[in-house]
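Trainee: To start, I am sharing the structure in question, which I have written as structure tokens.
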Amino acid sequence: MDLVIRNASLPDGRRGIDIGVLDGRIAAVEPALSAQGIREIDAGGDLVTPPFVDAHFHMDSTLSYGLPRVNESGTLLEGIALWGELKPQLEQEALLERALHYCDWAVARGLLAIRTHVDICDDRLLAVEALLEVKRTVAPYLDLQLVAFPQDGLLRSPGAFDKLKRAIAMGVDVVGGIPHFERTMAQGAESVRLLCEFAADKGLRVDMHCDETDDPLSRHIETLAYETWRLGLQGRVAGSHLTSMHSMDNYYVSKLLPLMKESGVAAIANPLINITLQGRHDTYPKRRGMTRVPELLAAGIDVAFGHDCVMDPWYGLGSGDMLEVAHMGLHVAQMTGQEAMRQCFLAVTETPARILGLEDYGIAPGCNADFVLLDARDPVEAIRLRAARRAVVRRGAVVAEAPRAAARLNLPGRPGAVDFRIER
């Protein structure tokens, strides 16, 4: 074997498992593997998981915090205004460098697949060209999926549909949209129809910013689900954000969830950003803003979590850590039951991998040898600790390593170190 991981725990609860890697793929997953490895790593009972996957991100704006100025209010509207100011000043080389820098962070965090929306409402399509170059550069170590995103509105922004079609022809992977940003509800619904028909004709996936508002009457997810069903796009469509669902009445939601399930539309919540930007017009009680994650899951709908933003006009924090995203999602959705916490871990690993259509993903013979060794025993502990990535493996090669998290102590009569873990 090229690599053997000894004595690992797996997310499904199996313990004492060895993982053998040969020619970039997992060749064996079993206890006490007899084969030897050119390199061997003792997991020591720690968790080995498939890599983290970010189902919703904006790499064209990442790490641009403070350009052209800081978002003083921290609001969505000021962020949109800032991005409008920054777009004409964007330079391809600077955008490329920021995106590659973020990809370095991602790999160090064990985040090896990202779906990123790229703004196409720019005649130059500068960001599209830059991120296509990033995609080619990082392909050996990170799967980057690009969404053609008409950020200023498909119908609201002149020529946006033609620019979206140009972006797809250049090699962008997924059709995006933002129906709630159109001038009217009718135009929003029309944009959904046009985009879904285009995606169906081209055989593409769809991922729309949908109902990212506190308005309970913003119901474009209903149209997206219907068009998905009408056009036979089941399993290829995701609605991102869906924050209006947080404010909808329960009767309407009771009709909406079965429609989403029947159409096979997935939901992507963005806990860090939804909880930050929504409910800004409320005094008290103040709405949480994130969509109805437990109810969606109970209805059998795939739900993934995305990071959305890292140090950009909308959000001045973040570091590419999907465990931080899961940690926030767990708290905001009040998913503190044992199974619910494990679902939050799945929302940053297996579920987004399925939504993105990643092939040969997982910890099983025949899968790509892509996985992360965490400084934790199980998924719940990994979320609690935002566990250090002891090793990140891509196609059988260790591409990032970090030490276990521990602190030295100098206290009378107490141990000399603490690692924040409880043995069970």
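Just so it is clear, none of the values below were taken in a lab; they were calculated from the coordinates. Every value quoted in this text rests on a predicted model; they were computed, and no experiment measured them. Counting neighbours? That spans all protein chains shown, and the Cβs are built from the backbone with ideal geometry, glycine included.
Trainee: Once the other residues with Cβ under 10 Å from the Cβ of Asp23 are scored (Lys, Arg +1; Asp, Glu -1), what is the net sum?
Mentor: +1
Trainee: Place the peptides 120-127, 338-345, 278-285, 89-96 in order of packing, highest mean first, counting for every residue the other Cβ atoms within 10 Å and averaging per peptide.
Mentor: 120-127, 338-345, 89-96, 278-285
Trainee: Taking the chain, how much of its Cα-Cα pair set, in percent, is spaced more than 34 angstrom apart?
Mentor: Summing the P(r) tail past 34 Å for the chain gives 31 percent.
Trainee: While we're looking at this one, here's another question. Quick one: what are the phi-derived ³J(HN,Hα) couplings along region 187-201, Karplus 6.51/-1.76/1.60 with θ = phi - 60°, whole Hz, x for glycine and proline?
Mentor: 5, x, 5, 5, 5, 4, 4, 4, 5, 5, 5, 4, 5, 4, 5
Trainee: So what's the back-of-envelope 222 nm ellipticity for the chain, counting only DSSP H runs of four-plus at -39500 (n - 2.57) apiece and dividing by all residues, rounded to 500?
Mentor: One gets -10000 deg cm²/dmol as the mean residue ellipticity at 222 nm.
Trainee: Right, here's the next one. Would you mind checking the pairs Lys163/Lys261; Lys87/Lys165; Lys163/Lys202 and listing those with alpha carbons more than 22 angstrom apart?
Mentor: Result: Lys163/Lys261 exceed 22 Å.
Trainee: Find out how many positive minus negative residues lie around Leu86, taking Lys and Arg as positive, Asp and Glu as negative, among other residues whose Cβ is under 13 Å from that of Leu86.
Mentor: Within the 13 Å Cβ shell, the charges total -4.
Trainee: Still on this model: Rounded to the nearest 10 degrees, what's the angle between the helix 160-170 long axis and the longest principal axis of the chain, both from Cα atoms, 0 to 90?
Mentor: 40 degrees
Trainee: Under a Cβ-Cβ cut-off of 11 Å, what is the net charge of the residues other than Arg109 that fall near it, where Lys and Arg count +1 and Asp and Glu count -1?
Mentor: -2
Trainee: Now, a different point. Region 1-140: Rg/Rh from Cα coordinates, Kirkwood Rh?
Mentor: That ratio equals 1.15.
Trainee: Report, ordered by chain and residue number, the aspartates and glutamates lying within cross-link reach of Lys286, taken as a straight Cα distance under 18 Å and ignoring same-chain residues fewer than 8 apart.
Mentor: Glu212, Asp214, Asp215, Asp249
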